[in-house]
Amino acid sequence: MSSSTASPEPYPREGLPLEEARRQLLASLVPLAGSDMLPLQQALGRVSARPVLAAQTVPGFRASIMDGYALAAASVPQVGHSWPLLGRSAPGAPYPRPLAEGEAIRILTGAPLPEGATRVLPQELVEADGERLSLIREAGPNPWIRAADEEAAAGQVLLGAGVRLGPADLGRLASCGVAELALRPRPRLGLLITGDELVPAGSARGPGQIWESNGTLLVALLERLGVVVVERRLVADQPAALRAALLELAAGCDVVVSTGGVSAGDSDWIRPLLAELGSVAFWKLFLKPGRPFAFGELLGTPFFGLPGNPVAAAITALQLLVPALQRLEGAPVEPLPRLKVRLAADLKRGAGRPELARARLQVGPEGELLALVEGSQASSRIGSLQGADLLLEIPAELGALAAGSELWAQLLRLPIF
Ligand code: AMP
Ligand code: MG
């Protein structure tokens, strides 16, 4: 399509700054309705739809934190003191009667304390013959008892609505007897890979053809972030075929994402088709890599036109699509953690556009955080993403940078808990 058909640009030629683009698209999105009831094991990475309360107190009984002996003793006992041993409390097999002052039982870690018991003497401090127990080393003030409501009191909120669930959340819910919970629906994403020159990896390349990689890169990235890609299509730069694919994906998915064909070249159909079939909210970013980028809607379905260059596609997906998907899922929008780092070596670049450069994180001898930028930062070179720990935020006005220059960087690491 010739660029003369483009509508007048609502923004300066340089495009929209990333933060402004993110703000605009987040403001236009609302969470998907409904919820799914699912077992805990299927909830990792999903978002809670409602607060979850503890039905009962957990653990629900006072328990010993030590292998030793439980006593009923009003004060800290003195060395030399002895007690009759009345029985035993083991995990899952409590001693059935209350203890009276001056009585003791054998107790194991995790076992319930009988009513009346006031403390546990760790077994290292005592001598016992099965019938009697004597204290032979000084006992400290710690009673070695876990409270009945240590994990949760009945009715306590275990987690709120809109929390993305990690292993610790799931473990705590299990510990409180929760087996299933209501989860927000995940957006179903349709991916449209466009380009006349693309052939799938594994097939032979004709003249000028390249192996298609955006599909693999984006599906892997999105799946790692818990996004469901329900459909993926490869379509040539033909307006009729693209129009049909866009409409079908918009009708069947919660979000449509394309790559390629979103610049202003002769075979770049995405933006005019978006304008024809839906609407363009903004086009073009003030960003390197990632200048060609369109956001809008198709049949009411949010649409993201990512650049064709793979690094630009992956980085704009991370910066703009992922926050949008978080919003659609009703989750808190969680930007990547940012930290200040120093360049490990000089960095050549021309001022002009803000850049997100790929770098490895190194820790210097004094514990200082260093960023090592290796090789060409061309938006076509996927190798620049391999092994990257950081996206270095380089402001537009900065040209060549000397080693030691301090910059903000986004951390490309997944949370654990
Ligand atoms: P475009 O945005 O369509 O002009 O594409 C920009 C560059 O990215 C061109 O060199 C394309 O060949 C390349 N490209 C587009 N789509 C893909 C893809 N799916 N996989 C690999 N490279 C692509
Ligand atoms: Mg193209």
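The values are calculated or read from the model by the stated rules, or taken from the named source; none is laboratory data. This one's a predicted model, so the numbers in the text were calculated from it and none came from an experiment. Positions of Cβ are generated from backbone atoms using ideal geometry, with glycine treated the same way; all protein chains shown enter the neighbour counts. SASA here: full protein model, heavy atoms, side chains in, ligands and nucleic acids out. Shrake-Rupley method; radii C 1.70, N 1.55, O 1.52, S 1.80 Å.
Of Val255, Val178, the order by accessible heavy-atom surface (1.4 Å probe, DNA, RNA and ligands excluded), from most exposed downward, is Val178, Val255.
Built from the Cα atoms of the range 284-417, the convex hull projects on average onto 9.3 nm², one quarter of its surface area. Carbon-plus-sulfur fraction of the accessible area of the chain, 1.4 Å probe, in percent? About 54 percent, which is the carbon plus sulfur part of the accessible surface.
Distance between the 7 Å Cα→Cβ label points at Ala179 and Ala402: 6.7 nm.
Extending 7 Å from the Cα toward the beta-carbon at both Ala27 and Phe61 defines two label points whose distance is 5.9 nm. Fully extending the segment from Ser75 to Ala264, taken as 0.36 nm per residue of separation minus the present Cα-Cα distance, adds 59.7 nm. Packing around the peptides 285-298, 195-208, 403-416, 306-319, taken as the average count of other Cβ atoms within 10 Å per residue, puts them in this order, highest first: 306-319, 285-298, 403-416, 195-208. Taking θ as phi - 60° and the Karplus parameters 6.51, -1.76 and 1.60, the scalar couplings of the range 224-239 work out to 4, 8, x, 8, 9, 8, 8, 8, 9, 10, 10, 10, 6, 6, 10, x Hz in sequence order, x denoting glycine and proline. When Rg is the radius of gyration of the Cα atoms in the range 63-146 and Rh is its Kirkwood radius, what does Rg/Rh come to? We get a ratio of 0.91 for the range 63-146. In the range 74-175, the DSSP beta bridges split such that about 70 percent are antiparallel, to the nearest 5.
Put simply, the range 1-153 fits an ellipsoid with semi-axes of 65, 18, 12 Å; these come from the alpha carbon gyration tensor as the roots of five times its eigenvalues, largest first.
Can you tell me how much longer the chain between Leu225 and Met37 gets when fully stretched, taken as 0.36 nm per residue apart minus their C-alpha distance, in nm with one decimal?
Net length gain for the segment: 65.6 nm.
Between Thr109 and Arg342, the C-beta separation translates, for a Förster distance of 35 Å, into a calculated FRET efficiency of about 0.15.
Across the range 296-307, coupling constants 3J(HN,Hα) worked out from phi with the 6.51/-1.76/1.60 Karplus curve, θ = phi - 60°, read x, 9, 10, 6, x, 8, x, 10, 10, x, 7, x Hz, and Gly and Pro carry x.
Share of pairwise Cα-Cα distances greater than 34 Å in the chain is 51 percent (whole percent). What the chain shows is 48 Å² of accessible area per residue, with the surface traced by a 1.4 Å probe over protein heavy atoms. With contacts taken as Cα pairs under 8 Å at a separation of at least 6 residues, the range 76-151 carries a relative contact order of 35 percent.
Scalar couplings 3J(HN,Hα) for the range 78-92, obtained by applying the Karplus form with A = 6.51, B = -1.76, C = 1.60 to θ = phi - 60°, are 9, 4, x, 5, 9, 9, x, 9, 9, x, 8, 10, 10, x, x Hz; x denotes Gly and Pro.
Backbone amide hydrogens, once placed in the peptide plane, bring Thr57 within less than 5 Å of Ala154, excluding anything fewer than 5 places away on its chain.
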